Structure formats: structure tokens, C-alpha cells
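See structure below.
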Amino acid sequence: MAVDWQAIQRENIELTEKLADPKVSGDPAKLATIGKRKKELDELLALRDGIAHAEKAIADVEEIAKGEDESLKELAVEEEAAAQERLERLRARLVELTREHDPDEDKPAILEIRAGAGGDEASLFAKELYGMYVRFSEENRMNVELLSSSASEVGGFKEVVFKIDGSAEGGAGPYGLLRYEGGTHRVQRIPSTESGGRIHTSTATVAVLPEAEESELQINPEEIRVDVFRSSGPGGQSVNTTDSAVRITHVPSGITVSCQDEKSQHKNRAKAMQILRSRLKAKQDAEAAAERGGVRRSQIGTGDRSEKIRTYNFPQDRITDHRIKRSFSNVKGVLGGELRSIIDALRAAARSEE
């Protein structure tokens, strides 16, 4: 995104003059508004100067590196690395301040986790991923609400849908933090049931959707079909004697949502509509992006469930995020909720790409 530095410079001068005006200094509301904008412009201009200084420093050390003095060459390499790191940090902050804000980033996130290849082991892995996001949310002062779940016979999840709400440290919204978690997660380990000590590979898919409010997307009641039935547990056994479970089908799109965790049919229906609304909005957003054409997809990931994004390798205690080609250690810690370093790396990579 091109930044009009001349316009920013002019506005900054104008605001400086306004702050000196007694009419403004005597009005607390105006003073606060103008002062806030002035602070933003001051940071932008400081970033411009910092970037120019870092670029000059890199050019200078590159010239030194061309010389014949080996001791100076070694020093130049260190100086260039430090300047490059500083430059990337400044550019990332500039992108953050000047990028077009996506209103979805501040919204609650609805996550859908489904067991993939691997049978029982996949359902156990799906439950571990659910636990990872729950603990990550708790550590970042966000709230988790279970919307729908389907348990497996071994105590895992065939499917689990939940909402994360609140604002994490630094003001980031749940969807803004977790939007790059969508895709196929793969685990490599020796299952507890494996007597031969063989490593098994299992998968689970994650979808991350911004919550859609009723005001954003109206659903025509005539376009949905609602079925009620008795909720069931692992293996299909009945766990409820009343028809409290709800299945809602949006006929035009074919999207179906089932909720049975609540004992109240009314509550299950409300949760099912919440999920349906978010799925429909995600579908509409994807179709709109496709129609615009020429919109460059982020290399960080499209959020498509078929895209393999991350491997959790227990024997080597290594987690590899395939999109940014980076590896992290401490598999158990990450699955225990210590996910922040990976999320920060993904968000930084997205900003650098911008």
C-alpha cells in the first residue's frame, strides 16, 4: 500500500497549529481527538524516518562488506543482520498502521474441529486441539462457549463446534488472533493402544469463522427446515428422553447444522442458528472474493480444511507450520495452550507479506 507522506506531513502541520489555538486547548473533547490523531501521525513519520535510516545503514554496511578488511567484513555482516531485523520490524508496524482494517478481525470466532484420517486416534487428537484452544483462550482472558459436539466411543470428538469471545492482550479480537488456524492439522506419534511401538499419523480439520450477527445476515425462515430428535451419545445410545436435539437445514445452500448439547430445544435451536449464520456468511464472503477475481490469496493460508497447515511430531518434539516453513519445539506445551509464539509468527508473516 502506497503511503502519501506529503499529505501526512501537511495534516501533521495543520494539527500542530490547531493544538496551539486557544479555542482548541480550551475544549477537552477537541483536544483529545486532535491529540490522538497527532500522536498517530507522529508515529507514522517516525516510522518513515526509521525505515529510511535502516535502509541507509544496510546500504552502508553492504559497501563495507565489499572491502578487503576481513575484520570489518565480519562486523558488517552482524550490523546488516541487526539493521535488517530493525527494518522488518518497522515495516511490519507501518503495515499495521496503514492497512485497511478488516472489521471481522475484532469479532468472536467460531471454531469447528472434525476428526479426519486415523479413526479413534484422530478423534482423540481433535479433542486435544479443542483443549489447546480452550486453554489458549483462558490464558488470554477470552471466553469459550461450547455450541455443538459429537463424542467418539473412546472419549474423543468426532466433531466439536465452539465460540471464542472477548478481547486478548493487545486488543486483538478472537478471529483476528485465530484466523490462520484453519486447515488440516496432522499428528505423528505412537498411540497408547499400539503394542508394536509404531508411529501413526492422524489428522483433524479446523475451520475458523468470524461470528455473524443477525443484523449482518438475515435468514429467510421459509428457506430453512427444522427437525427435532432425541440427542445421543457415543455409539448412538440415547442420552435424552425428550426431543431436544435440533437439526437445521438451509435448503438453498444445503448447509446442515445439528445441536444437541443443551437439554432445551430452544437453546439448541439458537446455537444451531448461530453456527448456520456464520457458515452462510463465510460462504458468501468466499463467493464475493471469487467474483472480484484477481484478489491475491495470502500465502499464509486460505483456511481451506483440505490444506495441510501444521504437523505435531511427538517423537521429535517438533511442530512444523508448513505455510511459513518454521519449526517449534515443546509439542506438549503447545497442545497445552502455549500457542502464542506460533500465532505471533503467522501474524508477523502475514504483515510482512502485505
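The values are calculated or read from the model by the stated rules, or taken from the named source; none is laboratory data. From a predicted model like this one, the values you see are computed outputs, not experimental measurements. Glycine also receives a Cβ, built like all others from the backbone with ideal geometry; neighbour counts cover every protein chain displayed.
Just the residues that are within 18 Å of the chain's Cα centre (by Cα), touching a residue at least 24 places away in the same chain (Cβ under 8 Å) and farther than 11 Å from TYR180 by Cβ, please, taken from region 314-335. Scanning region 314-335 gives VAL334, LEU335. Go over the candidates GLY131, GLY119 one by one and state the one that is at pLDDT 95 or above and in the same structural domain as GLN274 (by TED's automatic domain parsing). From the options GLY131, GLY119, the qualifying one is GLY131.
Going through (1) under 16 Å from the mean Cα position of the chain (by Cα); (2) under 22 Å from VAL331 (Cβ atoms); (3) part of a strand (DSSP E or B) one by one, ARG114 falls short only on (1). Listed by first and then second residue, the pairs with beta-carbon distance under 8 Å, at least 6 apart or on different chains, first residue in region 207-233 and within 10 Å of LYS281 (Cα to Cα), second of a type outside the set (A, V, I, L, M) and assigned to a loop (DSSP other than H, G, I, E, B), are PRO210/LYS107; PRO210/PRO108; GLU211/LYS107; GLU211/PRO108. Residues that are among the basic types (Lys, Arg) and either modelled with pLDDT of 90 or more or outside any loop (DSSP other than H, G, I, E, B) (or both) within region 237-264 comprise just one, ARG247.
Quick test for you: out of GLN274, GLN284, pick the one residue that is of a type in the set (S, T, N, Q), at pLDDT below 90 and part of a helix (DSSP H, G or I). Give the derivation first.
On the way: GLN274 fails: at pLDDT below 90.
That would be GLN284, the only listed residue that is of a type in the set (S, T, N, Q), at pLDDT below 90 and part of a helix (DSSP H, G or I).
Condition check for LYS73 on (1) out of contact with any Leu (no Cβ under 9 Å at 6 or more places or on another chain); (2) of a type outside the set (Val, Ile, Thr); (3) within 23 Å of ARG93 (Cβ to Cβ); (4) surrounded by 14 or more Cβ atoms within 10 Å (Cβ to Cβ): one failure, at (3).
The single condition from (1) surrounded by 13 or more Cβ atoms within 10 Å (Cβ to Cβ); (2) more than 27 Å from VAL257 (Cβ to Cβ); (3) charged (D, E, K, R) that GLU85 fails is (1). Got at least one residue in region 158-167 being out of contact with any helix residue (DSSP H, G or I) (no Cβ under 7 Å at 6 or more places or on another chain), crowded, with 20+ Cβ neighbours inside 10 Å and in a helix (DSSP H, G or I)? For region 158-167, residues out of contact with any helix residue (DSSP H, G or I) (no Cβ under 7 Å at 6 or more places or on another chain), crowded, with 20+ Cβ neighbours inside 10 Å and in a helix (DSSP H, G or I): absent.
Are any of the residues in region 4-25 hydroxyl-bearing (Ser, Thr, Tyr), on the phi < 0 side of the Ramachandran plot and over 34 Å from the mean Cα position of the chain (by Cα)? Give the derivation first.
Here is the first cut: in region 4-25, the residues hydroxyl-bearing (Ser, Thr, Tyr) are 16, 25.
Next, only the ones that are on the phi < 0 side of the Ramachandran plot stay: 16, 25.
With the extra rule that they be over 34 Å from the mean Cα position of the chain (by Cα), the set shrinks to 16, 25.
So far as region 4-25 goes, yes, one or more of its residues are hydroxyl-bearing (Ser, Thr, Tyr), on the phi < 0 side of the Ramachandran plot and over 34 Å from the mean Cα position of the chain (by Cα).
Mind checking which residues of region 241-282 are among the acidic types (Asp, Glu) and more than 19 Å from LEU209 (Cβ to Cβ)? Walk me through it before giving the result.
From region 241-282, those among the acidic types (Asp, Glu) are 243, 261-262; that's our starting set.
Across region 241-282, the qualifying residues are ASP243, GLU262.
Based on this model, can you work out whether ARG305 counts as modelled with pLDDT of 90 or more and among the charged types (D, E, K, R)? Working first, answer last.
Details: modelled with pLDDT of 90 or more: no; among the charged types (D, E, K, R): yes.
So ARG305 does not fit the description; no.
The rows are residues; the columns are (1) under 27 Å from SER352 (Cα atoms); (2) touching a residue at least 40 places away in the same chain (Cβ under 8 Å); (3) out of contact with any helix residue (DSSP H, G or I) (no Cβ under 7 Å at 6 or more places or on another chain).
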residue: ALA52; (1), (2), (3): yes, no, yes
residue: ILE58; (1), (2), (3): yes, no, no
residue: ALA65; (1), (2), (3): yes, no, no
residue: ALA81; (1), (2), (3): yes, no, yes
residue: GLU85; (1), (2), (3): yes, no, yes
residue: ARG99; (1), (2), (3): yes, yes, yes
residue: GLU105; (1), (2), (3): yes, yes, no
residue: GLU112; (1), (2), (3): no, yes, yes
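All of GLU11, GLU17, GLU40 fail the test of being charged (D, E, K, R) and touching a residue at least 40 places away in the same chain (Cβ under 8 Å), apart from GLU40.
Do we find a residue being under 30 Å from ALA350 (Cβ atoms) and in a helix (DSSP H, G or I) anywhere in region 19-33? Explain how you work it out, then say what you get.
Keep residues of region 19-33 that are under 30 Å from ALA350 (Cβ atoms), which gives none.
The answer is no, given that none of the residues of region 19-33 is under 30 Å from ALA350 (Cβ atoms) and in a helix (DSSP H, G or I).
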